[in-house]
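To start, the structure itself, in structure tokens.
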Amino acid sequence: MTSSWRASRPVLPMLIAPFDESPCPVRIAWAGADRTIPYARCAGPMMAAVPDADLVVLPGVGHVPMVDNPALVAWTILQRTRYEVASRER
């Protein structure tokens, strides 16, 4: 019963309008063990909607990665933002 309900749900990325150009750097941090929004089914359409995004798969975390591994989430954000700040300072 659960699997047929999940199969009938709309895929989230299909609801996202594509960007012509991102107004700022974008990093998509995908929870590698997310069963609610699975990578295999949803990452392709998401990346197509934001083609210049940087994709990082967070290993071993589920649908709420900031609870599963807050340090990994913080590091993933800081890695991208530190790079942007450093490149602007040059």
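The values are calculated or read from the model by the stated rules, or taken from the named source; none is laboratory data. Values in this document were obtained by computation on a predicted structure and should not be read as measured data. Backbone-built Cβ (ideal geometry, glycine too); neighbour counts: all protein chains shown. With ligands, DNA and RNA removed, areas are computed over all heavy atoms of the protein, side chains included. Shrake-Rupley method; radii C 1.70, N 1.55, O 1.52, S 1.80 Å.
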Quick check on T36: is it at pLDDT 90 or above, open to solvent by 40 Å² or more (accessible area, probe 1.4 Å) and β-branched (V, I, T)?
yes
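Taking segment 48-63, which residues are over 14 Å from F19 (Cβ atoms) and either buried (at least 16 other Cβ atoms within 10 Å of the Cβ) or within 9 Å of the chain's Cα centre (by Cα) (or both)?
Of everything in segment 48-63, those that are over 14 Å from F19 (Cβ atoms) and either buried (at least 16 other Cβ atoms within 10 Å of the Cβ) or within 9 Å of the chain's Cα centre (by Cα) (or both) turn out to be L55, V56, V57, L58, V61.
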S4, sole failed condition from (1) part of a loop (DSSP other than H, G, I, E, B); (2) open to solvent by 50 Å² or more (accessible area, probe 1.4 Å); (3) modelled with pLDDT under 85
(1)
Can you run down the residue pairs with Cβ atoms below 6 Å, 6 or more apart or on separate chains, where the first is in segment 26-39 and closer than 21 Å to R80 by Cα and among the small types (G, A, S) and the partner is open to solvent by less than 50 Å² (accessible area, probe 1.4 Å) and in a loop (DSSP other than H, G, I, E, B)?
A31/V61; A31/G62
